[in-house]
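Working notes for the structure below.
The values are calculated or read from the model by the stated rules, or taken from the named source; none is laboratory data. Small disclaimer: the values here were computed from a predicted structure and weren't measured. With ideal geometry, Cβ positions are generated from the backbone for all residues, glycine too; neighbour counts draw on all protein chains shown.
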Amino acid sequence: RARGLASSSTPSSQLRVAGGTYRQDAFTNVTNAIIQKAETSLLSKPSHPLSILNSLIHSHFPDYKAITPSSPVVSVFKNFDELGFPPDHPGRRHTDSYYVNKEQLLRTHASAHQIESFQTDAKKWLLTADVYRRDEIDASHYPVFHQMDGARVFDKSPSELRALEEENEVMAHRLAQENILIEDESSIGPQNPYQQAHDPAQAALVAANLKHTLNGLMLKLFGGAAGATKENPLRVRWIDAYFPFTSPSYEVEVFFRGKWLEILGCGVVNQAILDRAGVKERISWAFGLGLERIAMVLFSIPDIRLFWSQDPRFLSQFTPGVISTFKEFSKFPSNWKDVSFWISRDVHENDVCDIVREAAGDLAEDVKEIDRFVHPQTSKTSLCYRIHYRSMERSLSNAEISAIQDRLEGMLVSELGVEIR
Ligand code: FA5
Ligand code: MG
């Protein structure tokens, strides 16, 4: 059931998203607020921090082919099935992803384009994409963010593997002289095995190359900003992870300003993926990182909504090619309002958050459930949500917030069938 649909010239059974026209059905849950984001390309603005970071990573990997993905609308098959996600994977849930219809959704990760990228036959590639996940509302979560995937493919020929072994030695030697402390807590075992299809010695070489390559990237991105020295090196931690399309799989964390930050996921690509792409007799590693998470710490951007700000005081602060510290141009006061309602069927917090985004746009800073109880007589459930409102750009008047809150209450009634208390 689509909400607040697109243009009036489009028949109501059709949906326009990022230049394409799609059939809607009972599964449709993409909202207007999200469709608008899909039309906005932050990466095309050279002085946008995401674009600066994206370029910086590209310049660190000069011989990697830059692949530009097409529309953010992809098939469920391509986003999940083809990559080996099981039928009951949580990411497939209606409450977790934005469906255009039962067969198509807004990609939830850049890896949706992995197979087509391998099909280009590039041996080294990078691909950056806007990705979409239904989520809560707070300073670090936004339903649209950007991921960069990258991969390197090796021939299984003895000569290429010998070259790889030598390259690994050179890389390891170079990293050993840098101000980086690598805490490798990962391990190969039944939980995180080499693949049946792989010679373990070859897979080990590929995994080692993956680790050296990404340690080098972490040093490039964070070394300077962290003020890394011999005595106080940049700490990078490798832990085991699980992805349906890689094995072994890892997550990389960086210790920055007193905290461990999850930066990326990666691993040795499942042979079935390369087979499907028609890449025979090859072995590959791949990674996927989140640009916003990295940009927020490198540029000191306190709220993820700022990336979408149209305020010239935001964009004018940044220079292509330069990582600079964002200076907050305002901290306008925040206001909160509660909304309480009776529900007669289960309501997911992400449904409430999407309606808040429809009613309030980026003025909603934070949404939290603050109360829930069951009425002893009627056994109806009551929920109360507290919504914090704040503009990044100006002061909000009480009248404006009340109008948003009225609109919100109306939408909660019409979309979710709740009864406002
Ligand atoms: C993935 O999306 C995999 N496609 C990554 C991958 C690619 C693994 C290739 C192996 C090979 P994950 O959901 O963990 O994995 O997200 C990857 C990165 O995206 C995270 O490490 C984080 O940096 C970023 N990310 C994930 N969720 C969010 C979010 N809600 N907001 C901002 N960044 C996020
Ligand atoms: Mg993760």
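Here is how the numbers come out for the structure above:
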| item | result |
| --- | --- |
| Output for the stretch 44-55, where each listed residue is surrounded by fewer than 19 Cβ atoms within 10 Å (Cβ to Cβ) and not basic (K, R) | S44, P46, S47, S55 |
| Condition broken by A151, with the remaining ones in (1) surrounded by fewer than 16 Cβ atoms within 10 Å (Cβ to Cβ); (2) within 16 Å of ligand 1 (Cβ to nearest atom) satisfied | (1) |
| Residues within the stretch 395-410 that are farther than 12 Å from W336 by Cα, in contact (Cβ under 8 Å) with a residue 12 or more places away in the chain and surrounded by fewer than 12 Cβ atoms within 10 Å (Cβ to Cβ), tallied | 1 |
| Qualifying residue in the stretch 289-300 (condition: in a loop (DSSP other than H, G, I, E, B) and assigned by TED's automatic domain parsing to the domain that holds L219) | yes |
| Within the stretch 221-242, considering residues that are of a type in the set (F, W, Y) and in contact with a helix residue (DSSP H, G or I) (Cβ under 8 Å, 6 or more places away or on another chain), the one nearest to ligand 2 (Cβ to nearest atom) | W238 |
| Residue check for F256: under 21 Å from the mean Cα position of the chain (by Cα), more than 16 Å from ligand 2 (Cβ to nearest atom) and within 28 Å of T325 (Cβ to Cβ) | yes |
| Pick from the stretch 155-173, criterion in contact (Cβ under 8 Å) with a residue 24 or more places away in the chain and part of a helix (DSSP H, G or I), ranking: farthest from V279 (Cα to Cα) | A172 |
| Leading residue by the ranking (surrounded by the most Cβ atoms within 10 Å (Cβ to Cβ)) among those in the stretch 242-275 that are more than 11 Å from ligand 1 (Cβ to nearest atom) and within 22 Å of D199 (Cβ to Cβ) | L274 |
| Residue in the stretch 355-365 that is outside any helix (DSSP H, G or I), under 28 Å from N54 (Cβ atoms), modelled with pLDDT under 95 and not aliphatic (A, V, I, L, M) present | yes |
| Residues (among the hydrophobic types (A, V, I, L, M, F, W, C) and either surrounded by fewer than 23 Cβ atoms within 10 Å (Cβ to Cβ) or near ligand 1 (Cβ under 9 Å from one of its atoms) (or both)) located in the stretch 276-296 | A277, V279, W285, A286, F287, L289, L291, I294, M296 |
| D303 farther than 30 Å from V153 by Cβ, surrounded by 14 or more Cβ atoms within 10 Å (Cβ to Cβ), of a type in the set (D, E) and within 16 Å of ligand 1 (Cβ to nearest atom) | yes |
| Selection count where residues are among the charged types (D, E, K, R) and either in contact with a helix residue (DSSP H, G or I) (Cβ under 7 Å, 6 or more places away or on another chain) or crowded, with 16+ Cβ neighbours inside 10 Å (or both), scope the stretch 168-188 | 1 |
| Matching residues, the stretch 30-43, being surrounded by fewer than 17 Cβ atoms within 10 Å (Cβ to Cβ) and in a loop (DSSP other than H, G, I, E, B) | E39, T40, S41 |
| Selection within the stretch 208-241 - part of a helix (DSSP H, G or I), hydrophobic (A, V, I, L, M, F, W, C) and either crowded, with 20+ Cβ neighbours inside 10 Å or modelled with pLDDT under 95 (or both) | L210, L214, L217, M218, L219, L221, F222 |
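Yes/no per residue for (1) of a type outside the set (D, E, K, R); (2) touching a His at 6+ places or on another chain (Cβ under 9 Å); (3) outside the structural domain of L274 (by TED's automatic domain parsing); (4) buried (at least 22 other Cβ atoms within 10 Å of the Cβ):
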residue: N79; (1), (2), (3), (4): yes, yes, yes, yes
residue: E82; (1), (2), (3), (4): no, no, yes, no
residue: H89; (1), (2), (3), (4): yes, no, yes, no
residue: S97; (1), (2), (3), (4): yes, no, yes, yes
residue: Q114; (1), (2), (3), (4): yes, no, no, yes
residue: D121; (1), (2), (3), (4): no, no, no, no
